[in-house]
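Engineer: Mind looking over this structure? Questions follow.
The values are calculated or read from the model by the stated rules, or taken from the named source; none is laboratory data. Predicted model, so just to flag it, every value in this text is computed and none were measured. As a convention, Cβ positions derive from the backbone with ideal geometry for all residues, glycine included, and neighbour counts pool all protein chains shown.
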Amino acid sequence: MNLLENPTESELAALLARCNDRANSHVLWVEHGGQVHLDPIPNGLSSLGFARLHEGKMRIRHESFAQGNDYTGIGASEDAVWVSRLFLEVVAQWDQGFEGHSIAWAEQSKL
């Protein structure tokens with residue numbers, strides 16, 4: 001999913017579906033060129049450590065999705081309200097020129 005190429009909620013849902021929520025926590029992040037990633041945080045590495053590994057490439061990094069909370073995975077990808085909220089937030093932050101670590105999604109709990 002690239003934010004410069006007319007992204008869709010379906011593309012975000014596909015990113016969520018590819019994750020294994022039971023195996024790892026995940027980080028949603030956006031490159032400076034608009035490419036959206038949803039990557040597992042390797043065991044033994046913090047979300048900050050993950051960010052340091054990708055330093056210089058990240059424009060936006062969301063607070064990590066904790067393992068086992070159903071923020072990622074097939075169930076999350078099928079939750080239309082969750083996908084829509086997350087999609088609208090990511091697109092809005094991109095459009096507003098936001099850069100940095102975002103925790104806004106946490107303020108709206110997943111239904």
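Engineer: Among the numbered criteria (1) polar (S, T, N, Q); (2) over 16 Å from residue 1 (Cβ atoms); (3) in contact (Cβ under 8 Å) with a residue 60 or more places away in the chain, which one does residue 77 miss?
Structural biologist: With respect to (1) polar (S, T, N, Q); (2) over 16 Å from residue 1 (Cβ atoms); (3) in contact (Cβ under 8 Å) with a residue 60 or more places away in the chain, residue 77 is out only on (2).
The rows are residues; the columns are (1) closer than 13 Å to residue 101 by Cβ; (2) in contact with a Phe, Trp or Tyr (Cβ under 9 Å, 6 or more places away or on another chain); (3) modelled with pLDDT of 95 or more; (4) assigned to a strand (DSSP E or B).
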| position | (1), (2), (3), (4) |
| --- | --- |
| 29 | yes, yes, yes, yes |
| 39 | no, yes, yes, yes |
| 45 | no, no, no, no |
| 48 | yes, no, no, no |
| 51 | yes, yes, no, no |
| 55 | yes, no, no, no |
| 83 | no, no, yes, no |
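Engineer: In the list 13, 17, which residue meets the criterion of being within 23 Å of residue 96 (Cα to Cα), touching a helix residue (DSSP H, G or I) at 6+ places or on another chain (Cβ under 8 Å), among the small types (Gly, Ala, Ser) and modelled with pLDDT of 95 or more? Break it down stepwise before answering.
Structural biologist: Working: 17 fails: within 23 Å of residue 96 (Cα to Cα).
It is 13.
Engineer: Based on this model, can you work out whether residue 20 counts as surrounded by fewer than 16 Cβ atoms within 10 Å (Cβ to Cβ) and among the polar types (S, T, N, Q)?
Structural biologist: Values: surrounded by fewer than 16 Cβ atoms within 10 Å (Cβ to Cβ): yes; among the polar types (S, T, N, Q): yes.
Judged against the criteria, residue 20 is a match.
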